[in-house]
Amino acid sequence: MGGETPGTSRRQLLGLVGAGAIGLAAGGVGGAVATAAARPDAHATGRPGAGAVPFRGTHQAGIVTPAQDRLHFAAFSMNPGATRSDLVALLKDWTAAAERLTRGEEVGDGMEPDNALLPPDDTGEATGLGPGNLTITFGFGRSLFVGRQGGDQQGGEQPSPDPDPFGLRSRLPREFEPLPSFAFDLLDDTQSGGDLCVQACADDPQIAVHAIRNLSRIAAGRAHLAWSQLGFGRTASTSRAQDTPRNLFGFKDGTANVMAEDTAGLAEHIWVGDEAPAWLRGGSYLVARKIQMTIETWDRSSLGEQERIFGRTKREGAPLTGHGEFDAPDFAAALPGSGEPVIDVAAHVRLAHPAQNRGRRMLRRGYNYVDGSNGLGQLGAGLFFISFQRSPDTFVRVQRSLQPDLLNEYIRHIGSGLWAVPGGIGPGEYVGQALFE
């Protein structure tokens, strides 16, 4: 299937554009030779290098894959009037293109059409760069099943008149409820939600952006780009072979992440099981949150205050009750004399810890971002938080626990989304095929 040309040909694309269809693009360098073994779960192990990550497998790549350094995340909305057949055709075309992209190949007929009067199938900016460990992960929004209801639409889009636009309502998982409103949310509808999401991660930004750019072009006439986000500098490790990275506040992030090597933890906390419809088993739920950081205010805070807020030391990342990064925090430890807890009752590490959340765990896969600066010379910077969990309720539980978090003084949640990520794609299948059969 990887050698198939996406179903919208160049002539069809020209016809769509002539008829006023939407064609959107983005802009956007990396790897070399394929090295990963072509076994179903090959993307679950190994360090990122200059190779190719298998697109097909038991689970979608880009979840437990060792986190790459660059991200381009995109949310798409289906066009008004798009049908179930349009959606299926789009997913087939995206699958064929994604398989080629993750091998470092050009999409369709490549960047040089036989007729120079026609636009190329591939935009060409990643040609010669190799696979770059590119992974492309697809997710389905709740609006695919129930339409865009009041408050669900983004960017000024109108609610869907049809509560079951693609004939999928009966296959909606019971757990797939919208995220509730959380304290301190300042969400921007133009950076939230979406019928479909695509997470492209790579060792190089141009490879990741090239992937989203070409998938956007392929979607023309059926779906359009609603919003997207570039990320750099991963903020979590997904393999024990990786060092723990730092966020833009300078602290190590994601120390207690569920790792690729923890198969029991993945089965319990990340992969959806028999509680869900068959099409989602072996998949997960993806939560994305755009979290703006008030960098300038943070930079004027004392080291002692910063460490009190996180409950960890800044250099080593150790809990304030320990010496090493991976030491278990002792939440019962008290300061001599005062009896006050060593780790503040509102410290981030305490409130986010599984011990405070009935053992709930998630796999974090976030990235730093900088969107420029404003007229006051303040950076538009922060964390593009991504997590995978077996049920959305895990994220809801943890986020509600963070309501008194001392860190809330320095952050603002400005974007949000939730998508169901289908299980892996087998030989000859397209992404989410079981949902439509």
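The values are calculated or read from the model by the stated rules, or taken from the named source; none is laboratory data. If you're wondering where the values come from, they're calculated on a predicted model, not measured in any experiment. Cβ: placed from backbone, ideal geometry, glycine included. Neighbour counts: every protein chain shown.
Side notes on the structure shown:
- Failed item, numbered, when Ala61 is tested on (1) touching a strand residue (DSSP E or B) at 6+ places or on another chain (Cβ under 6 Å); (2) at pLDDT below 95: (2)
- Of all residues in the stretch 118-145 being touching a helix residue (DSSP H, G or I) at 6+ places or on another chain (Cβ under 7 Å), crowded, with 24+ Cβ neighbours inside 10 Å and among the β-branched types (Val, Ile, Thr), the one that is nearest to Gly432 (Cα to Cα): Ile136
- Subset of the stretch 384-414 [over 28 Å from Gly282 (Cβ atoms) and touching a strand residue (DSSP E or B) at 6+ places or on another chain (Cβ under 7 Å)]: Tyr410, Ile411, Arg412, His413, Ile414
- Criterion (small (Gly, Ala, Ser), over 28 Å from Val272 (Cα atoms) and out of contact with any Pro (no Cβ under 8 Å at 6 or more places or on another chain)) met by exactly one of Gly322, Gly380, Gly366: Gly380
- Taken over the stretch 327-357, residues that are in a loop (DSSP other than H, G, I, E, B) and either at positive phi or among the polar types (S, T, N, Q) (or both) amount to 4.
- Whenever a residue of the stretch 394-412 is assigned to a helix (DSSP H, G or I), its partners that are among the charged types (D, E, K, R), lying with C-beta atoms within less than 6 angstrom and at least six residues away or across chains, give the pairs Thr394/Arg360; Arg397/Arg360.
- Matching residues in the stretch 89-111 - criterion: being of a type in the set (A, V, I, L, M), crowded, with 20+ Cβ neighbours inside 10 Å and farther than 16 Å from Glu429 by Cβ: Leu101, Val107
- Some residue of the stretch 169-186 being touching a strand residue (DSSP E or B) at 6+ places or on another chain (Cβ under 6 Å), of a type in the set (A, V, I, L, M, F, W, C) and buried (at least 23 other Cβ atoms within 10 Å of the Cβ): no
- Residue check for Leu248: in contact with a strand residue (DSSP E or B) (Cβ under 7 Å, 6 or more places away or on another chain) and more than 30 Å from Glu105 (Cβ to Cβ): yes
- Flag: Ala220 does not match the condition of being in a loop (DSSP other than H, G, I, E, B) and over 28 Å from Phe145 (Cβ atoms).
- Which numbered condition Arg360 misses (of (1) charged (D, E, K, R); (2) part of a loop (DSSP other than H, G, I, E, B); (3) farther than 26 Å from Thr137 by Cα): (3)
- Residue check: Leu248 meets all listed conditions (1) touching a helix residue (DSSP H, G or I) at 6+ places or on another chain (Cβ under 7 Å); (2) closer than 28 Å to Arg56 by Cα; (3) surrounded by 18 or more Cβ atoms within 10 Å (Cβ to Cβ) but one, namely (2).
- Test: residue in the stretch 81-88 that is touching a strand residue (DSSP E or B) at 6+ places or on another chain (Cβ under 7 Å), crowded, with 24+ Cβ neighbours inside 10 Å, closer than 30 Å to Pro165 by Cα and at pLDDT 95 or above: yes
- Test: Leu418 is of a type in the set (A, V, I, L, M) and closer than 16 Å to Phe176 by Cβ: yes
One line per residue, one yes/no per condition, for (1) under 30 Å from Phe145 (Cβ atoms); (2) at pLDDT below 95:
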| site | (1), (2) |
| --- | --- |
| Gly337 | no, yes |
| Leu407 | no, no |
| Gln433 | yes, no |
| Glu437 | yes, yes |
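- Qualifying positions in the stretch 354-363 - closer than 30 Å to Pro277 by Cβ and out of contact with any strand residue (DSSP E or B) (no Cβ under 6 Å at 6 or more places or on another chain): Pro354, Asn357, Arg358, Gly359, Arg360, Arg361
- Residues in the stretch 245-264 that are in a loop (DSSP other than H, G, I, E, B) and among the hydroxyl-bearing types (Ser, Thr, Tyr): Thr255 only.
- Only residues that are crowded, with 16+ Cβ neighbours inside 10 Å and in a helix (DSSP H, G or I) were counted in the stretch 370-393, giving 1.
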